[in-house]
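**Q** Below is one structure. I have some questions about it.
Derivation of every value follows stated rules applied to the coordinates shown; laboratory data play no part. Only a predicted model underlies this, so the values are computations on that prediction, with no experimental measurement involved. No Cβ is skipped: glycine too gets one built from the backbone with ideal geometry, and neighbour counts run over all protein chains shown.
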Amino acid sequence: MYKIVVLISGGGSNLQAIIDNIQTGNIKAEISAVISNRADAYGLERAEKADIDNHVLDNTVFESRESFDQSLSQIIDSYEPNLIVLAGFMRILSDEFVEHFRGRMINIHPSLLPKYKGLNTHQRALEGGDSEHGASVHFVIPELDAGTIIIQGIVPVETNDTVDELQQRVHLIEHRIYPLAVKYLAEDSLSLEEDKLLYKGALLNEPFKEQLN
């Protein structure tokens with residue numbers, strides 16, 4: 001069975017989307033564990049309800065980022081996962097940690113990368129006068145928000161949109177594309193070779209695209 005470990009810090013709505021797709025059989029995999037750096041993360045309750053092992057690893061009790069990452073890595077490795085999914089995990093990970101899981105760790109970022117790396121992406125899209133915005137699922141590398149993109153979800157930017165309205169629309173497409181990326185990886189349809197994305201052995205010149213209808 002294809003095994004997944006999910007890292008969270010908050011509500012875990014993308015975690016729930018993946019759980020739902022596993023429970024319906026759309027994703028042929030199991031979530032072996034959910035790990036949070038915050039004890040009050042609602043995503044832990046989602047894990048409990050789905051009978052998934054869950055752990056709290058409080059980053060504030062560690063002397064350094066590296067010592068936290070070492071402990072986190074040990075917990076993850078104990079499950080021998082095929083894939084690590086960052087689902088709202090609000091920590092900058094050390095280069096050593098990222099390299100340890102390189103090619104097996106994915107993240108979702110709320111922009112159409114390479115646009116708007118970092119924070120406040122919805123505000124920046126509005127200020128930029130963009131007609132489209134969205135989210136990108138990508139492999140994690142040491143450089144922030146720069147790994148090979150697997151799939152992008154595109155949403156329209158409406159006239160007079162607020163940040164909250166645009167964020168809600170992006171969340172809708174996130175809940176569609178993150179499970180899709182996990183599904184492709186779990187089926188072994190996707191592979192990464194020298195940072196190039198292959199689908200069923202054929203090189204993809206651009207990421208998969210999903211449009212919010």
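**Q** Test of understanding: ordering GLU193, GLU165 by Cβ neighbours within 10 Å, fewest first, what list do you get? Please report the intermediate quantities before stating the final value.
**A** Details: GLU193 10, GLU165 14.
So the ranking, lowest neighbour count to highest, is GLU193, GLU165.
**Q** Shifting gears a bit: Tell me, LEU144, LEU212, LEU119, LEU93 in order of fewest to most beta-carbon neighbours within 10 Å?
**A** Numbers: LEU144 13, LEU212 17, LEU119 8, LEU93 23.
Arranged by neighbour count, lowest to highest, LEU144, LEU212, LEU119, LEU93 become LEU119, LEU144, LEU212, LEU93.
**Q** Taking the alpha-carbon distance from LYS200 and a cut-off under 20 Å, which aspartates and glutamates remain once sequence neighbours fewer than 8 residues away in the same chain are dropped?
**A** GLU187, ASP188, GLU210
**Q** Taking θ as phi - 60°, what are the ³J(HN,Hα) couplings along the range 6-22 by the Karplus curve (6.51, -1.76, 1.60), each to the nearest whole Hz, with x for Gly and Pro?
**A** Result, ordered by residue: 10, 10, 9, 9, x, x, x, 5, 5, 4, 4, 4, 5, 4, 4, 5, 5 Hz.
**Q** Explain nothing, just the number: relative contact order of the chain, from Cα pairs under 8 Å at least 6 residues apart, as a whole percent. Write down the numbers at each step before the final one.
**A** Details: 401 pairs, mean separation 39.8, N = 213.
That works out to 19 percent.
**Q** Next question, about the same structure. Take the cross-link list LYS28/LYS209; LYS28/LYS115; LYS3/LYS196; LYS117/LYS209 and give me the ones stretching past 26 Å between alpha-carbons.
**A** The pairs that break the limit, which is 26 Å between Cα atoms, are LYS28/LYS115.
**Q** Using only the alpha-carbon atoms of the chain, report the extent along each of the three principal axes, biggest first, to the nearest angstrom.
**A** 47, 41, 34
**Q** Which value, in nm² and rounded to one decimal, describes the direction-averaged projected area of the C-alpha convex hull of the range 1-101? Walk me through the intermediate numbers first.
**A** On the way: hull surface 23.7 nm².
Projected area, direction-averaged: 5.9 nm².
**Q** Using only the Cα atoms of the range 35-77, build the gyration tensor, take square roots of its eigenvalues as a ≥ b ≥ c, and label the shape rounded, prolate or oblate: rounded if a/c is under 1.5, else prolate if a/b is larger than b/c, else oblate.
**A** On the way: a/c = 4.42, a/b = 1.78, b/c = 2.49.
In terms of gyration-tensor shape, oblate.
**Q** When the helices in the chain are scored as -39500 (n - 2.57) per DSSP H run of 4 or longer and the sum is shared across all residues, what 222 nm value do you end up with, to the nearest 500 deg cm²/dmol?
**A** Details: 6 runs with 69 residues, N = 213.
Taking each H run of at least 4 residues, the total per residue is -10000 deg cm²/dmol.
**Q** Taking amide H positions as placed in the peptide plane 1.01 Å from N, state which residues far from ILE35 in sequence (5 or more) or on other chains have amide H under 5 Å from it.
**A** VAL6, LEU7, ILE8, HIS55
**Q** Hey, another quick one. So what is the relative contact order for the range 113-194, in percent, with contacts set as C-alpha pairs under 8 Å and at least six apart?
**A** Working: 90 pairs, mean separation 21.7, N = 82.
In percent, rounded to a whole number, it is 27.
**Q** Further, regarding this structure: Sequence gap at least 6, Cα distance under 8 Å: using those rules, report the relative contact order of the range 1-101 to the nearest whole percent. Before the final figure, lay out the partial values.
**A** Working: 163 pairs, mean separation 38.3, N = 101.
Once divided by the residue count of the range 1-101, the mean separation gives 38 percent.
**Q** Something else: Pull up the DSSP beta bridges for the range 1-101 and report the antiparallel fraction as a percent, rounded to 5. Each step should come with its number before you reach the end.
**A** Details: 0 of 14 bridges.
If we restrict to bridges inside the range 1-101, about 0 percent are antiparallel.
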